[in-house]
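**Student:** Quick one: structure below, then a few questions.
The values are calculated or read from the model by the stated rules, or taken from the named source; none is laboratory data. Only a predicted model underlies this, so the values are computations on that prediction, with no experimental measurement involved. All Cβ positions, even for glycine, are placed from backbone atoms using ideal geometry, and neighbour counts span all protein chains on display. Surface accessibility is based on the protein's heavy atoms, side chains included, excluding ligands, DNA and RNA. Shrake-Rupley method; radii C 1.70, N 1.55, O 1.52, S 1.80 Å.
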Amino acid sequence: MVLVVQTYLSKTATMGNTSSQPKNKTGKKVVSQKIENAKKTNILSLTEHKLEEIPEEVFHLTSLRTLDISKNKLQRLGNIGRLTELKTLNCDDNSLHSGAIAPISKLAKLQSLSLGKNRLEDPANQSFPTLPSKIKTLKIHHNSFSSIPKQIVDPKLRLLEKLDLSSNNLASIPAGISNLVALTELILDNNVIVSIPNELGQVKKLKALSLRNNYIQVKSTSFTDANPQPIPASVFEDTLLIDLNLHGNPMTNTQLNTFEGFDAFLERRKKKKTTALTGGALVSMSVCGLE
C-alpha cells in the first residue's frame, strides 16, 4: 500500500512539473491568431516560432506598439520600418547583422530596443545604422563588437538611460560616451576593457556601472601620467554613481581603496543607504564585488 501511494505521488509531482513549464505553440495557425489578436491589443509576441522571416501580415499592423520576435532564425527585418508607432522591439537571439537592422532607423517613436545574441560586428566590417533619437533602453549584449559604433554614442541619443554592451569583445570605451547625457546605467560585463576614459565622468546622471569580468588592474598605486588610475576620479566624484561592480577583474579591494575619489563614492552610497534603511548602514568595499 505504501509503495502504491508513493508511486502515485511521484507521478502526480511529475505531471505537475510538466504543466508548470508549458511549451510555446508554433505553426501558421498560431501565428495568424496572434496577428489577429494584435489588431486589438497592439502587442505581438512571435518569440520561439522558428521564423526565418517576419510574416508580411505583421507589417500591416501599423498601430503596433510592442513587438517581440526574439529566439527565431531571422536574418533580416523586412519592412519593419512601416511600424511607425512601435515603441518596444525585441530582436534577441536571431541571426541579424548590422546591415539587416537598417530599417530600425525609421522607427521614430522607438524607446526600447534589444538586439542581444545576434551577429552584429565592428563598424569597419558592417554599416551600423543611425538609431532613433527617442530610445531610452538599448541592449546589444552577446555580439561581436571590438569597438563601440559611433551611432551608439551619437549626441542625438539624449534620452538614452540604459545601455547594455556586455559579452562583446570591447577593449575600450570611446570619448563620445560623454554625449549620453541621460545615461543612468551602463553594463559592460564580459569584455576586455582595461581602463575607463575621463569622459565617463561627464555623464553626470550615471548611477550604475557594471564591469564584471574585464581586465582592469593596478600595477602600482603610485598613479602618474605614465601609470594612470584605471577608473578616473571624475567617475567617482562627478557622477551619481552608487552601484559599481568590478567582480572578476585582476585587482583587489585594497587597491581600489587607494583610488582618488573613491571615498566620495562610498560616502554617497552610505547616504543612499541611510535614506533607505532605518538607522542607516555602513557600506563595505565588498559592494564592488572584489576580494
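**Student:** Tally Lys and Arg at +1 and Asp and Glu at -1 over the other residues with C-beta under 13 Å from the C-beta of LYS162: what net charge comes out?
**Tutor:** Summing Lys/Arg as +1 and Asp/Glu as -1 gives 0.
**Student:** Just add up the charged neighbours of LEU44: K/R +1, D/E -1, any other residue whose Cβ is under 14 Å from the Cβ of LEU44.
**Tutor:** In short, 0.
**Student:** Just to be sure I understand the model, the point goes 7 Å from the Cα along the line to the Cβ. What's the resulting SER172 to LYS28 distance in nm?
**Tutor:** 5.4 nm
**Student:** A further question on this structure: Report the extension gain between THR66 and ASN257 in nm, rounded to one decimal, defined as 0.36 nm multiplied by the number of residues separating them, less their alpha carbon distance.
**Tutor:** 64.3 nm
**Student:** Continuing with the same structure: For segment 203-248 and segment 145-178, what is the separation of their C-alpha centers, rounded to whole Å?
**Tutor:** Their Cα centres are 17 Å away from one another.
**Student:** Ordering GLU267, GLU53, GLU185 from largest to smallest accessible area (1.4 angstrom probe), what's the sequence?
**Tutor:** GLU53, GLU267, GLU185
**Student:** For segment 120-186, which whole-number percentage of the solvent-accessible area (1.4 Å probe, protein heavy atoms only) is attributable to carbon and sulfur atoms?
**Tutor:** Using a 1.4 Å probe with all protein chains present, segment 120-186 comes out at 44 percent carbon and sulfur.
**Student:** Counting heavy atoms of the protein chains only and a 1.4 Å probe, report the per residue accessible area for segment 54-125 as a whole number of Å².
**Tutor:** 43 Å²
**Student:** What full-extension length gain, to one decimal in nm, is calculated for SER45 and VAL194 as 0.36 nm per residue of separation minus the Cα-Cα distance?
**Tutor:** Going from the current span to full extension adds 49.7 nm.
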